[in-house]
Each structure stands twice: as C-alpha cells, then as structure tokens.
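Engineer: This is the structure I want to talk about, given as structure tokens.
The values are calculated or read from the model by the stated rules, or taken from the named source; none is laboratory data. Everything quoted here is computed from the prediction, not taken from an experiment. Neighbour counts are summed over all protein chains in view; Cβ atoms, including those assigned to glycine, are modelled from backbone coordinates with ideal geometry. The accessibility values were calculated without ligands, DNA or RNA, using every heavy atom of the protein model including side chains. Shrake-Rupley method; radii C 1.70, N 1.55, O 1.52, S 1.80 Å.
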There are 2 protein chains.
Amino acid sequence: MREIVVIGAGFGGINAAKELAKDKELRVKLVDRRNYHLFQPFLYQVATAGLSPADIAVPVRAFFRQDKNVEVILGEVEKIDPGKNDIVLKDNQRIHYDKLVMAAGAKNFIFNKDWEEHVCGLKSVSDALAMRKKILMAFESAELENDSQKKKSLMSFVIIGGGPTGVELAGAIAELARFSLVQDFRNINPSDARVVLIEAGERLLPSFHPSLSQRAKSDLEKLGVSVWLDSKVTKIEKNRVELGEDAINAHSIIWAAGVAAVDLAGQAGESLEVDLQKGDRVQVNEYLRVKGAQDIYALGDMVYFDDHQLPGTASVAIQQGKYLGRALRALKEGKEPAGFRYKDKGQMATIGRSKAVVQIRKLRLSGLLAWCMWVFIHIYFLIGFRNRVSVLLQWMWSYLTYKKGARIIN
Amino acid sequence: MREIVVIGAGFGGINAAKELAKDKELRVKLVDRRNYHLFQPFLYQVATAGLSPADIAVPVRAFFRQDKNVEVILGEVEKIDPGKNDIVLKDNQRIHYDKLVMAAGAKNFIFNKDWEEHVCGLKSVSDALAMRKKILMAFESAELENDSQKKKSLMSFVIIGGGPTGVELAGAIAELARFSLVQDFRNINPSDARVVLIEAGERLLPSFHPSLSQRAKSDLEKLGVSVWLDSKVTKIEKNRVELGEDAINAHSIIWAAGVAAVDLAGQAGESLEVDLQKGDRVQVNEYLRVKGAQDIYALGDMVYFDDHQLPGTASVAIQQGKYLGRALRALKEGKEPAGFRYKDKGQMATIGRSKAVVQIRKLRLSGLLAWCMWVFIHIYFLIGFRNRVSVLLQWMWSYLTYKKGARIIN
C-alpha cells in the first residue's frame, strides 16, 4: 500500500491529502477538474458582487507546494475500475491506486428536469458568476424598460429553498438592492426590488432551533424580503414560479432547494453493483469504506454515513478528510483504526450586515454578536493568508461604505 | 444645447462626462456596452494572474452616483445618424444628442485575418481571462504530457510586439514561470518555459529613448526572456509562428503588435462620408470636432488629431476628455474655446519586480527607482479607494512572497 488517489480538492479531499502527505512513504495523487480549492461558504458573496472568485479560491498546487509526495492532477474522472484498482480520466488516462478516497462532493439537484433551464443554482464559480450577471443585468434592463409589467418582473428575485444558502442569498440580494445600488439609477428605484424567499416547510433553517428560525425570518423581513413558508413550488417556467394557486413573475429564479451527490457516485455504485442512498449518495460504513468495495473510501457530501445522513457542511467534510488521512496511515502501519465519529461543532448562517444566527449545542446567538462570530470563524477558516486579509479588507470597506466591490458584468 | 451624449466609459469618456456634469443645466448620457470603467494599464496583470477583474474595474454608475444630471446607459451603439442628431443602439433604441462625444477607443488589430484565430489579444477583461486560462492551462497540460515536442510547445510563449504591452506581458509571464509556479509541479520545471518577445523594429519600446530600450531588453533577458529584434512575422498557424527562415512552435501566441479604432469609427466615417486615417481613426480638428460633422466630437485612441497621431495612452485620453468637457461647457455659454494642446507627461513601462523604465522629458529612470515611481503613479490613478488599497496590498503580498493571487482557471 503506497499509492493513494484522492478525488476532489474540496474541504474533504485537501484535508485527507494533507494528513496522508505526512507519511513520506506514501505517494498521494490528488485529482480535481479545477485547479483551485474553493471556499464554498462564500460562494454567495461572489454571486452577489461582494467578492471576486480569486478571493475565495486557492490554487491546489500552491497548497501542496511543500508536500513533495503529493502530485496534483488537473483532470476529470470518467469512471472507477475497481477490478483493476484504476481510475480513468476523461482523456482515457488511467491512474492506479492501492487505496482510493472519493471526495467529489455534490451538485445542484433540481427534482423536475423541465425546470432546470429556468433557474440558477449555486455550486461552482461559474454558477456564481452567471448569477451575478443575471442579478446585475436585471437592474440594468429594468432601467431601460418602459413596460411596467416587464420592469416589475426584472426587479423580482425569487429564491427557492429556506436553508442557509437560500437565507444568505435572499439577505445579500436585498442588501445589494437597498444599499449598494440604491443611488445608482435614474429611472428605477432599486430598493423597490421584490425579493421573495420560498420554503416548502413550516420554518426557515430547519436544522436550527425554532427560535433562530424565527429570528432569521424577522431579520430578513426587516431587510424587505418576503418570506413565504409552507409554499411548495408546483411549476417553474421561464420567468415564472407557481405555488399552487399563487404565482410570481420573476426574471431571476434561484434554486437553493437541495443538492445530490455528483455523478461519480452513481458511476461508483454501478461499478460496485451496489444501490445508492438518498440523493444518489454512496453508502459508507463507520470507517468510511464504500459498501461492496475493498480499497475505496468516500466522504463528505457524496456519502450516506453508516445508517444516517450527516449535515452537508464543510465541518463534516473536514473532519472526515482528516479522519480518513489518519486512518489510512494507521492501516499502512498495520494498525486497526477506530470508526469515524462526528463531532457537532455547531452551525451558523448569516442574514446580512450585523445579522446572523449561530447555534453551538445549547448556545444560541443572533444579531450583531452572532455576525461577528460568523465573520471571525469564516475568515479564520478561509485558507491562505492573502485571501484572509483581502476578504477582511473588502468587508470592512463594504461595511463602512455599503459599496460592493465586484459589481462587474462580464 | 442641453443633451450631450458620450459614447464610451474609458479614460476619455468618464473625464469628459465628469467635466460636463459640473454644469447642472446639461443632461449627460454616458453609453457603454460594459457596466464598468476599466483601468486598462493593469489588464496585463489580470492576464498573468496577479489581479482579479474587479480589482481594476469600477462600476460606471458608482462613479457618477452624485452627478444626478448624468445618466448611465448600458448599451452597444450600432450607428450614428448625424442627419437626425441621434445615436442608434443595437436594440434599435434611439438617443438624441445636441452634441455627441465619441470616446469608444481601440480594438486589437491583426493585419492578417487568417492569423486571428491563432493568437490572443489583450484589450478587454474577457481577453485577459482567456489569456490567463491559456497560460495556466499550458503548464497544467505540460505537466501531464509525455511527448517531449508537445511539452516544449506547451511551455513556449511567444509575444508579438515590443511596445509597452508586449514588454509588460513578457516580463510578467517570465516571472510567473520562474517565481510563482516554480515549486508547484512534479513532472515539469516551470522555469524551463521559453518566453520569446518578437519585435519587427530594431529596438523595444520605440517611443522611448534608445538607452531605455536597451535597458528594457537587458532587464527582460535577466528574467530569461529571449528578445528577437528586427524579426518580422511572416506566418502564423495553430501553435506556430514563422519569421522568414526562423520558426517557433508555441502553444501560446500573444498579439501585442497594434490596435485600430473600434468599428464605430468606420461607421461614423460612412455616415459623414469622410475618409478614415491610419488605423481606421477618425480625423478631428484642433477642437476635437470630427471632420465633416457639426455636432460630433471624438477623442482618444479612435482619433487622428489635427495632422498627426498622438500616443495611444491613458494620459492623452484623460487630457482630451477634460478638455472636451470644458470646451463644450464654454460653447454652451457662447464662448469660443481654445484648441486642444497635448502636454507630454512622460511615459513608463514595467518589466517586472523592481524593474521599470520611466521617461519624463529629459528625465530618464530605470531599475528600482523607476519601478517605485511606476507603482506610485499607477496606484494613484487607479480610480476608487477600494481598488487602490486592494491592489497595493496584493502587490505587497506578491512582492514579499512571489505568489500570484488570481491563479484560478475558470
């Protein structure tokens, strides 16, 4: 056991590779179709013109510069060949593994295929740039539009899904309209923008304590967001969302209502002849070994852990990545690793300027204090010195001036 | 005379609009197909992964937030209708003018149409992002390439044109390879990259004093750049440049050998039935009024001034923009403005870390002192507080660590 291949340079993959790199006898190959590790929790900031992609992305190579036993490979995995212990890239290149770690994450999951072309998701840098363009162009087009119905539609933003991503996007779009853009137009008043957050369940942020769900709702409403609970989307067409009897015409329809494992999970399930779990996830045991496989492990958003599903957060992926790196090193030394145990480090969501909710076991915070904590923790985890300073500076600037720094359409 | 339309939010257009805005009786419409003003002198930094687009772009609207008599219109001008004093946008919208200022700049000019598909130019943000992707992907592909000829081609960068843009790009690519990427690969040595700067004339930077041309050449050579003078490109094919008997196979071929006025100049010439000058430029008189027109003025890179061509620099456009704003205000007051006089404020080009050349009349500087001056002046002119601080910070960080901050491929 010498060759270890890690697929995916997200939170799980880079942490696994970093742990593995400590054993200099191991040869680690880290494969990703992007050349950067992305700080996903800030993707909504790119989508709403607060930050640039490079502020939340670190080149994977730079991250492993000193780890000479780690080779970074830019490539997209086509399939896994468990019979030969190979992975096959899109260009047909084969890479052999003694042990394989799949950490390829999740993708947007829109449960009705017909809706896909009418909504924007938010899982990648290109998603975020497309959403930024859509939002900024909506105001530009509204400025030039004479038809009042069309103008209203252009200035309507519907966000589907009341989890953390939906809440963060709704708050950020409302702030963009009400604070950053408000003085910049002559024919429209950007603060007239309608921002509607739609949730099928009975409260926002269902994984939080109900008191924090309530607080998030009232904070969003103070920003002018309409929050529609118990509202199931029944139909989506171009520029139109229907919810049973209700309907909203909106140029911008944003999907934040769920993800599923990447296609690689399905491919792995096929090769190993095992069924996938909820959201196309692969089943792993308590050692994160994939059901039906000897040398294949998986973690993070693409797995269904043991007999339940862990939250789809960076924290879970980081913990599992570190665990797996250590476990494989132990295995190589002939030791038996202990099973993975998830340690709940709490959860948080930001709503806007000075507004957030934080829950760490019994501790529940909201408002300014929660927001400061959110800023501190996120900046702390944002990998790479430059990004930390650059992002912090841009936030201070945004906070003081209400301006957004990345308001370019291209 | 109340309605003034300015086409283009480059250095010339924004300065003209800012001056015009001072007369609150004037109604100014500033039309651009982009929503941002671009700090063009730093575009090569985006192309070589030093800065992000948002670092060198300011939303045009934000720039005129307080000028309530300025309306910013996002749109592309299709043609000018001098008979009706209208401009016509791509969406057929007509905008009336009493006086029109054309400040739409220049585009890449590749004198052989067959070569266009094989080279990258550098005039827009999308050009810069495409070049960044091309350069970074070349190293990624070389890392995975087994064929030594192909690897050599992937790691070869030919820059055609020895003016400031060519010199700056050659220096920045050489530094990227030799300093920023050097430790990040396992199968290639990025500092083996060939960077070849090709100039048809007998020296680099022909508008500078010969001693500075010589210095730029030797500074580039110290960075490992091959400088080929007196070398005329005779043929460009995919991944191959021929120069008479010589030929270089290179995956990346960069065009920095000249620009021409944007298509709007040609359209204006047609409408007014006047001939264009060198590089498709429109002829203007000493008041910057377009030949053959009563109410149309033009400035910057798209004009041929009086009987000679001024340098295609930001300085010329800024001076002409300010002049024209003041001249039109004077005209409205019934005064006769004086003709435009160009004031030579000197010129500078950077070669790399601590290396630049500066020429201000009799003063000629090179090396670290020139570089500090270049940094200071460029940061000073970089519009918008945030950008100044953000760019300065990223430079300090790059200077101290040799790292590049925007090394993402997307």
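Engineer: When the residues of the stretch A:145-163 are narrowed to those that are out of contact with any Phe, Trp or Tyr (no Cβ under 9 Å at 6 or more places or on another chain) and in a helix (DSSP H, G or I), which ends up nearest to the other protein chains (Cβ to nearest Cβ)?
Structural biologist: This residue is A:150.
Engineer: Could you tell me which residue of the stretch B:248-288 is farthest from the chain's Cα centre (by Cα), considering only residues that are of a type in the set (Gly, Ala, Ser) and within 19 Å of residue B:170 (Cβ to Cβ)? It would help to see each step written out before you state the result.
Structural biologist: Kept after step one, since they are of a type in the set (Gly, Ala, Ser), are these residues of the stretch B:248-288: B:250, B:252, B:256-258, B:260-261, B:265-266, B:268-269, B:271, B:279.
Checking which are within 19 Å of residue B:170 (Cβ to Cβ) leaves us with B:250, B:252, B:256-258.
Working: B:250: 24, B:252: 20, B:256: 10, B:257: 12, B:258: 10 Å.
The selected residue is B:250.
Engineer: While we're looking at this one, here's another question. Can you find a residue in the stretch B:19-40 that is surrounded by fewer than 24 Cβ atoms within 10 Å (Cβ to Cβ) and among the small types (Gly, Ala, Ser)?
Structural biologist: Scanning the stretch B:19-40, I find at least one residue that is surrounded by fewer than 24 Cβ atoms within 10 Å (Cβ to Cβ) and among the small types (Gly, Ala, Ser), so the answer is yes.
Engineer: Among the numbered criteria (1) under 27 Å from residue B:60 (Cα atoms); (2) surrounded by 19 or more Cβ atoms within 10 Å (Cβ to Cβ), which one does residue A:121 miss?
Structural biologist: (1)
Engineer: Also, quick follow-up: Within the stretch A:382-396, can one find any residue that is in contact with a helix residue (DSSP H, G or I) (Cβ under 8 Å, 6 or more places away or on another chain), closer than 19 Å to residue B:387 by Cβ, open to solvent by 40 Å² or more (accessible area, probe 1.4 Å) and within 7 Å of chain B (Cβ to nearest Cβ)?
Structural biologist: Within the stretch A:382-396, one or more residues are in contact with a helix residue (DSSP H, G or I) (Cβ under 8 Å, 6 or more places away or on another chain), closer than 19 Å to residue B:387 by Cβ, open to solvent by 40 Å² or more (accessible area, probe 1.4 Å) and within 7 Å of chain B (Cβ to nearest Cβ).
Engineer: I need the full set of residues from the stretch A:164-201 which are closer than 28 Å to residue A:39 by Cβ, part of a loop (DSSP other than H, G, I, E, B) and in contact with a strand residue (DSSP E or B) (Cβ under 8 Å, 6 or more places away or on another chain), in order please.
Structural biologist: A:193, A:199
Engineer: Here's something else I'd like to know. With the structure loaded, tell me whether residue B:356 is modelled with pLDDT of 90 or more and loosely packed, with under 15 Cβ neighbours inside 10 Å or whether it fails that test. If you could, list the steps in order and put the result at the bottom.
Structural biologist: On the way: modelled with pLDDT of 90 or more: yes; loosely packed, with under 15 Cβ neighbours inside 10 Å: no.
It is false that residue B:356 is modelled with pLDDT of 90 or more and loosely packed, with under 15 Cβ neighbours inside 10 Å.
Engineer: Here's another thing I want to ask about it. For the stretch B:6-69, list the helices (runs of 4 or more DSSP H) that sit wholly inside it and hold at least 1 residues that are among the polar types (S, T, N, Q), more than 11 Å from every other protein chain (Cβ to nearest Cβ) and more than 22 Å from residue B:93 (Cα to Cα); which are they? Write out each step before concluding.
Structural biologist: Working: elements: B:11-21, B:43-47, B:60-63.
By residue number, B:11-21, B:43-47.
Engineer: May I ask you to say which residue of B:364, B:353, B:326 is touching a His at 6+ places or on another chain (Cβ under 7 Å), touching a residue at least 12 places away in the same chain (Cβ under 8 Å) and of a type in the set (D, E, K, R)?
Structural biologist: Values: B:353 fails: touching a His at 6+ places or on another chain (Cβ under 7 Å); B:326 fails: touching a His at 6+ places or on another chain (Cβ under 7 Å).
Checking each option against the conditions leaves just B:364.
Engineer: Quick one: residue A:378 ticks every box in (1) open to solvent by less than 40 Å² (accessible area, probe 1.4 Å); (2) within 14 Å of chain B (Cβ to nearest Cβ); (3) within 17 Å of residue A:57 (Cβ to Cβ) bar one, so which box is it?
Structural biologist: Here residue A:378 meets the rest and fails (2).
Engineer: Yes or no: the stretch A:390-398 includes at least one residue that is in contact (Cβ under 8 Å) with a residue 60 or more places away in the chain, of a type in the set (Val, Ile, Thr) and more than 30 Å from residue B:60 (Cβ to Cβ).
Structural biologist: There is no residue in the stretch A:390-398 that is in contact (Cβ under 8 Å) with a residue 60 or more places away in the chain, of a type in the set (Val, Ile, Thr) and more than 30 Å from residue B:60 (Cβ to Cβ).
Yes or no, residue by residue, for (1) open to solvent by 60 Å² or more (accessible area, probe 1.4 Å); (2) within 25 Å of residue A:22 (Cβ to Cβ):
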site: A:294; (1), (2): yes, yes
site: A:314; (1), (2): no, yes
site: A:321; (1), (2): no, yes
site: A:333; (1), (2): yes, yes
site: A:339; (1), (2): no, yes
site: A:348; (1), (2): no, no
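Engineer: Follow-up question, since we're still on this one. Name the one entry in A:130, A:142 that is surrounded by fewer than 17 Cβ atoms within 10 Å (Cβ to Cβ), assigned to a helix (DSSP H, G or I) and within 14 Å of another protein chain (Cβ to nearest Cβ).
Structural biologist: Working: A:142 fails: surrounded by fewer than 17 Cβ atoms within 10 Å (Cβ to Cβ).
The conditions single out A:130.
Engineer: Just for the stretch A:239-291: of the residues that are of a type in the set (S, T, N, Q) and not in a helix (DSSP H, G or I), which one is least open to solvent (accessible area, probe 1.4 Å)?
Structural biologist: Taking the stretch A:239-291 as the starting set, the residues that turn out to be of a type in the set (S, T, N, Q) are A:239, A:249, A:252, A:267, A:271, A:277, A:283, A:285.
Filter again for not in a helix (DSSP H, G or I), leaving A:239, A:249, A:252, A:277, A:283, A:285.
Working: A:239: 46, A:249: 72, A:252: 2, A:277: 58, A:283: 33, A:285: 52 Å².
The extreme case among them is A:252.
Engineer: Continuing with this model, one more query. Taking the options A:179, A:208, A:185, name whichever one is open to solvent by less than 40 Å² (accessible area, probe 1.4 Å) and within 13 Å of chain B (Cβ to nearest Cβ).
Structural biologist: Details: A:179 fails: open to solvent by less than 40 Å² (accessible area, probe 1.4 Å); A:208 fails: within 13 Å of chain B (Cβ to nearest Cβ).
Answer to the check: A:185.
Engineer: Now for a different question. Which condition number does residue A:54 fail, the rest of (1) more than 21 Å from the chain's Cα centre (by Cα); (2) crowded, with 22+ Cβ neighbours inside 10 Å being met?
Structural biologist: All conditions are met except number (1).
Engineer: For residues in the stretch B:218-244 being of a type in the set (Gly, Ala, Ser) and touching a residue at least 24 places away in the same chain (Cβ under 8 Å), which is farthest from residue B:258 (Cα to Cα)?
Structural biologist: Narrowing the stretch B:218-244 to residues of a type in the set (Gly, Ala, Ser): B:218, B:224, B:226, B:231, B:244.
Narrowing the set further to residues that are touching a residue at least 24 places away in the same chain (Cβ under 8 Å) leaves B:224, B:226, B:231.
Numbers: B:224: 25, B:226: 21, B:231: 15 Å.
If we take residues in the stretch B:218-244 being of a type in the set (Gly, Ala, Ser) and touching a residue at least 24 places away in the same chain (Cβ under 8 Å), then B:224 is farthest from residue B:258 (Cα to Cα).
Engineer: Can you pull out every residue in the stretch A:145-160 that is in contact with a Leu (Cβ under 8 Å, 6 or more places away or on another chain) and surrounded by fewer than 22 Cβ atoms within 10 Å (Cβ to Cβ)?
Structural biologist: A:145
Engineer: Can we say residue A:84 is within 14 Å of chain B (Cβ to nearest Cβ) and open to solvent by 30 Å² or more (accessible area, probe 1.4 Å)?
Structural biologist: Here the answer is no, as residue A:84 does not meet what is asked.
Engineer: Is it true that residue A:51 is at negative phi and either modelled with pLDDT of 95 or more or basic (Lys, Arg) (or both)?
Structural biologist: On the way: at negative phi: yes; either modelled with pLDDT of 95 or more or basic (Lys, Arg) (or both): no.
In short, no.
Engineer: Return yes when residue A:109 is modelled with pLDDT under 95, surrounded by fewer than 24 Cβ atoms within 10 Å (Cβ to Cβ) and in contact with a Leu (Cβ under 7 Å, 6 or more places away or on another chain) and no when it is not.
Structural biologist: Details: modelled with pLDDT under 95: yes; surrounded by fewer than 24 Cβ atoms within 10 Å (Cβ to Cβ): yes; in contact with a Leu (Cβ under 7 Å, 6 or more places away or on another chain): no.
No, not satisfied.
Engineer: Sort out which residues of the stretch B:242-261 are under 18 Å from residue B:167 (Cβ atoms), modelled with pLDDT of 95 or more and of a type outside the set (Gly, Ala, Ser), and write them in order of number.
Structural biologist: B:253, B:254, B:255, listed by residue number.
Engineer: Continuing with this model, one more query. Go through the stretch A:91-106 and count every residue that is charged (D, E, K, R), at pLDDT 95 or above and open to solvent by 30 Å² or more (accessible area, probe 1.4 Å).
Structural biologist: Final tally of qualifying residues: 2.
Engineer: May I pose another question? Could you figure out which of (1) among the small types (Gly, Ala, Ser); (2) within 14 Å of another protein chain (Cβ to nearest Cβ); (3) crowded, with 24+ Cβ neighbours inside 10 Å isn't true of residue A:75?
Structural biologist: So the condition that residue A:75 fails would be (3).
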